Amino acid sequence: MNAPHRTGAGLFAPDRDAPRAGITPVGTTPAGTTPAGTTPVGTWLKIGSTEPAEIMAYAGFDFVVIDLEHAPLDLLTAYRLVNTAAALGLVPLVRVPDTTASTIQKVLDAGAMGVLVPHVDTVEQAAVAARACRFPPYGIRGAGGTSRAGAWGLRPNADYLATGNDDVLCIPQLESPEAIAAAPGILALDSVDAVFVGAADLALSLGTTSGSPEVAASIASAREAAHAAGKRLGLAFGGAPLQAAQAVRDGCDFVLLSNDTTMLAATARDLVTEFREADAARVPGSRRN
């Protein structure tokens, strides 16, 4: 088991050029592949329906994170979203609510290729989450080879176990000054593959804003720790793709842009606003027929 080699079904592969299954997303090559060396870009799924996952696949995202922390999604809905995403060539990750091993077990047996774990402040907390992702002797995950991850018992057990130990991603979220300080130790854990800095919660912890110099310095510190360990750092940018691209130039390794609910809300608001503004510009005194 060697952490830097885990790719999350190719998401973190050095040359990400595997064909996408079933669809040809807008912006890919004619063969439906992702250009080699491109930065993984994903989005959050918060709506309890499979259609947003399909839309994100057709839009060209590389991965989705099903959000069990901030969205009212249950495990059955998460399971269906994992299935849909994987069938369309998206790498399905799940943000679990906490480090509870039973939740991590269920989403991984559902076929998720990794978990984001919120509010990991210490090496000890990271170790708990990481051990929940791995089978013995590296962790405490129970064998569930008759689950979807084990192809209902049809997949060779050795392959099922190898995927859990050698490909599934464990990504702690660093969202406090304590977590940033603990980053080198967290990243030294073999079962941890990357970290994700939650800038909004980090800013709240610091009593500042997400764009402040204090948050930028914390992100830089975590990035240096990740790269020193040969691992990756991710960030979320809402609806700011240019800011995300700049962060990649600065060394960020994977990014999340917006989420399904906000994309829908923003588009709906913009459509209505544009119509109201155009409608208000009618010639005064004109009457509709």
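Within the set of other residues whose C-beta is less than 13 Å from the C-beta of Gln125, count the net charge using Lys and Arg as +1 and Asp and Glu as -1. Computed value for this residue: -4. To the nearest 10, the accessible area of Leu271 is 120 Å² with a 1.4 Å probe. The listed residues Tyr79, Tyr160, Tyr58 rank as Tyr58, Tyr79, Tyr160 when sorted by accessible area, largest first, using a 1.4 Å probe. For the chain, the longest principal axis of the Cα atoms and the long axis of helix 123-133 meet at an angle of about 90 degrees. Taken over the alpha carbons of segment 190-247 as equal point scatterers, the Debye sum produces base-10 log I(q)/I(0) values at 0.20, 0.23 Å⁻¹ of -0.78, -0.98. Applied to segment 6-15, the Karplus parametrisation 6.51 cos²θ - 1.76 cosθ + 1.60 on θ = phi - 60° returns per-residue 3J(HN,Hα) values of 6, 10, x, 6, x, 4, 9, 5, x, 10 Hz, with x for Gly and Pro.
With all pairs of separate Cα atoms included, segment 200-289 yields a Kirkwood hydrodynamic radius of 16.3 Å.
Computed from backbone phi, the HN-Hα couplings of segment 43-51 come to 8, 8, 10, 10, 8, x, 8, 7, 4 Hz, rounded to whole numbers (Karplus: 6.51 cos²θ - 1.76 cosθ + 1.60, θ = phi - 60°; Gly and Pro given as x).
Taking Cα atoms, how many degrees apart are the long axis of helix 177-187 and the longest axis of the chain, rounded to 10 and kept between 0 and 90? Helix 177-187 and the main axis of the chain meet at about 50 degrees.
Note on Glu51 and Thr146: with the Förster distance fixed at 25 Å, the Cβ-Cβ geometry gives a FRET efficiency of about 0.30.
The packing ranking of peptides 243-253, 272-282, highest mean first, is 243-253, 272-282, where packing means the average number of other beta carbon atoms within 10 angstrom of each residue.
Could you order Lys46, Lys106, Lys231 so the one with the most accessible surface comes first? Probe is 1.4 Å. Let's see the in-between values first.
Numbers: Lys46 45, Lys106 120, Lys231 20 Å².
Reading off the accessible areas and sorting them downward yields Lys106, Lys46, Lys231.
The values are calculated or read from the model by the stated rules, or taken from the named source; none is laboratory data. All values reported here derive from a predicted model rather than from experimental measurement. When we count neighbours, we look across all protein chains shown, and the Cβ atoms used for this are built from the backbone with ideal geometry, even at glycine. SASA here: full protein model, heavy atoms, side chains in, ligands and nucleic acids out. Shrake-Rupley method; radii C 1.70, N 1.55, O 1.52, S 1.80 Å.
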